[in-house]
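Structure record follows, encoded as structure tokens.
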Amino acid sequence: MSHQDTLVVNNDSALRRKAVVLLSGGLDSATVLAYARSQGYECYCLSLDYHQRHIAELNAAKEIAAVMGAAAHKTAQLDLSLFGGSALTDDAIAVPESASEGIPITYVPARNTIMLSLALAWAEVLAAQDIFIGVNALDYSGYPDCRGEYVKAFQAMANLATKSAVEGKTITVHAPLIDMTKAQIVQLGTELGVDYAMTVSCYQADSQGEACGVCDSCRLRSEGFAAAGLADPTRYKHHA
């Protein structure tokens, strides 16, 4: 399914094809993994340790991949703090605790392009023609690399740049959450059995994965559970 297709859960449609699933350890990526598995894909999960402030999400990703039956899980190492330029990679830049206009300082330059490129490389090695990413264009923070146009453009590039595509095995980048609200994402994941207590979304979660409750990611997550009419299982620091 491409990001333009209707979201339909079908256990038999993919006939156990391999797929690379980008898994951050957060709510959206866990939902995407559950969705890909529901479509019958054999899922190979890829996380990225880019020296992000919320490093606890990588521990969450490892647990999620294991619990949700991933065929394999790898964590690539690429230190984006070398460049900085984001509150998530530069300790000198504070994570904002209120909504701001424009593209927020939590945007990490080229992050999704880097992660999709790594996923593309692994997909070629696996002879997989499908990549899943949990980007969302509705309830998100205004990041330019979370838009449908971006996903389409990356897919077009992937099919120009790879041996696989040149030899006739084209790559599809699936973004099944692209047009969903956070509440709809939470509802879908709940239907698919995702344990959201395992996930870490907070931009400044502590080493135990406890959330601050005030950053943009925490706000969007909390509002999503409230709008879905579901209990928020997030562990907040002030509840410790």
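Since every read-out is calculated from the coordinates, none of them should be taken as a lab result. Note that the structure is a prediction, hence the values are computed from the model and not measured. Cβ placement follows ideal geometry from the backbone for every residue including glycine, while neighbour counts extend to all protein chains displayed.
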task = Order by neighbour count: ILE103, ILE185, fewest other Cβ atoms within 10 Å first, most last.
result = ILE103, ILE185
key: Residue-span extension gain [LYS163 to ALA231] - 0.36 nm each, minus C-alpha spacing   = 19.8 nm
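For the chain, what is the calculated [θ] at 222 nm in deg cm²/dmol (nearest 500), taking -39500 (n - 2.57) for each run of four or more DSSP H residues and dividing by its residue count? Let's see the in-between values first.
Details: 7 runs with 81 residues, N = 240.
About -10500 deg cm²/dmol.
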key: Fewest-first sequence of MET198, MET68 by Cβ atoms within 10 Å of each Cβ   = MET198, MET68
request  = Provide Rg over Rh for the stretch 60-140; use the alpha carbon set for both Rg and the Kirkwood Rh (inverse mean inverse pair distance).
outcome  = 1.02
note = Here the relative contact order (percent) of the chain, from C-alpha pairs under 8 Å and at least 6 apart, is 24 percent
note = Eigenvalues of the alpha-carbon gyration tensor of the chain, times 5 and square-rooted, give semi-axes in Å, largest first, of 27, 21, 17
ask   = Which distance in nm do the two modelled labels at GLN77 and LYS152 give, with both placed 7 Å along the Cα-to-Cβ direction?
value = 4.0 nm
Computed over the stretch 82-154: relative contact order in percent, which uses C-alpha pairs under 8 Å that are six or more apart = 27 percent
